[in-house]
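Asker: Questions regarding the structure given below will be posed in turn.
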Amino acid sequence: MKPVLFLALTISLLVPAGVRADSLGDCNDGADPVRQIRGCTRVINKTMLSDPLSTAYMNRAIAHAQRHEMKKAIADFSSAINANPANNFAYYNRGNVYLDLAKPKQAIADYSKAIELAPDMSPAFLNRALASEMIGDRSASIADFREALTLEPTLYAAAEGLKRLGASPQAGQAGD
């Protein structure tokens, strides 16, 4: 069971003039994780604005995760959260790393915070369902798979999760 996706964000033009355009471009470009790490590090070192700083940490964390540098990824996602505690994507993505590391309780905590900040975030419900399934919490898993499907009816992975658990898409039907 793999988390659904990492979401990278683009740093807006709110960063100070001292941050070079190529640094921003590199930080926003997920095609080359090494270049992305280098660009985000330059942005981090040059800005103190919370939103661009949080996004730079998050993009660098995603690049670290792609390189399987999970401790660095967790540290950068945590820095992204410290820079902007309202960054639901940072919680979501740190949860993905915890899920990859088979730490479902930490993943659930992060997905729950992401959902608190963005109640319509279907990937967070989906991945929290997967984490709940890992710890054997069938009812929580079913509820989250259903909510993910309510938010995004074509979410195949949620439908498959319900099928795997022997549950129907709606509560109160056979198999629940």
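Read-outs: derived from the displayed coordinates by stated rules, not from any lab. Since the structure is predicted, the reported quantities are computational estimates derived from the model, not experimental observations. All Cβ positions, even for glycine, are placed from backbone atoms using ideal geometry, and neighbour counts span all protein chains on display.
Asker: Let's see if you can work this out: charge +1 on each Lys and Arg Cβ, -1 on each Asp and Glu Cβ, no other charges. What is the dipole magnitude of segment 17-85 about its Cα centre, in debye to the nearest 20?
Answerer: Numbers: 9 positive and 7 negative charges, 42 e Å.
Using only the charged Cβ atoms, the result is roughly 200 debye.
Asker: Oh, and also: Under the Kirkwood approximation applied to all pairs of distinct alpha-carbon atoms, what is the hydrodynamic radius of segment 17-85 in Å? Could the numbers behind the result be given before it?
Answerer: Details: mean 1/r = 0.0879 Å⁻¹.
It works out to 11.4 Å.
Asker: Using θ = phi - 60° and the Karplus relation 6.51 cos²θ - 1.76 cosθ + 1.60, list the HN-Hα couplings for segment 152-166 in order, rounded to whole Hz, with x at every Gly or Pro.
Answerer: 9, x, 9, 6, 4, 4, 5, 4, 5, x, 5, 4, 4, 8, x
Asker: Under 8 Å for C-alpha pairs, at least 6 residues apart: give me the relative contact order for segment 17-85, rounded to a whole percent. The partial results should precede the final answer.
Answerer: On the way: 98 pairs, mean separation 19.2, N = 69.
Answer for segment 17-85 is 28 percent.
Asker: In addition: Based on the inverse mean of 1/r over its pairs of different Cα atoms, what is the Kirkwood hydrodynamic radius of segment 87-176, in Å?
Answerer: Working: mean 1/r = 0.0790 Å⁻¹.
Across segment 87-176, the inverse of the average 1/r is 12.7 Å.
Asker: Show which lysines lie in cross-link reach of LYS113 when reach means a straight Cα distance below 24 angstrom and same-chain residues fewer than eight apart are skipped.
Answerer: Counting by Cα, and skipping residues close in sequence, LYS113 has these lysines nearby: LYS2, LYS71, LYS72, LYS103, LYS105.
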